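The values are calculated or read from the model by the stated rules, or taken from the named source; none is laboratory data. Computed from a predicted model, the values in this text were never measured in an experiment. So basically every Cβ, Gly included, is an ideal-geometry build from the backbone, and we count neighbours across all protein chains shown.
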Amino acid sequence: MIPQGIGSERVMPQQHASSATDAGQYQADDALVAARLAGLRARVGDRFNAEELAHLRRDLAKQEEQIAKLRTVPLTNADEPATIFAPYEGGEE
């Protein structure tokens, strides 16, 4: 049984990964990008050279910016996924 009032409030996700600037641009949190890069290096060791590490850092920063954009979309538990399931049943498409 869920106590009354729980789940009825709208909870907005925190924007800890990135922040929006006045121009509507998003900047990745350098500390979070560095932590994710350190996690990758811990898993794969020192297999990357300096150029590859710089490329990974740029990719991780871009991912964090995209995540920040997604977090700005207000959703409730009533919002359904925007996916369409259309299984292939054989025959012509």
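Quick notes on this structure:
- Pro74 being out of contact with any strand residue (DSSP E or B) (no Cβ under 9 Å at 6 or more places or on another chain), modelled with pLDDT of 90 or more and part of a loop (DSSP other than H, G, I, E, B): yes
Okay, residues lined up against (1) exposed (fewer than 13 other Cβ atoms within 10 Å of the Cβ); (2) more than 21 Å from the chain's Cα centre (by Cα); (3) modelled with pLDDT of 90 or more:
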{"position": "Ala38", "(1), (2), (3)": "yes, no, yes"}
{"position": "Arg57", "(1), (2), (3)": "no, no, yes"}
{"position": "Gln63", "(1), (2), (3)": "no, no, yes"}
{"position": "Thr83", "(1), (2), (3)": "yes, no, no"}
{"position": "Glu93", "(1), (2), (3)": "yes, yes, no"}
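- Within region 18-36, being of a type in the set (Val, Ile, Thr) and either over 21 Å from the mean Cα position of the chain (by Cα) or modelled with pLDDT under 90 (or both) holds for one residue alone: Thr21.
- Cβ-Cβ under 8 Å pairs, at least 6 apart or on other chains, region 46-65 side under 14 Å from Ala35 (Cα atoms) and assigned to a helix (DSSP H, G or I), far side at pLDDT 90 or above and among the β-branched types (Val, Ile, Thr): Arg57/Val33; Leu60/Val33; Ala61/Val33; Glu64/Val33
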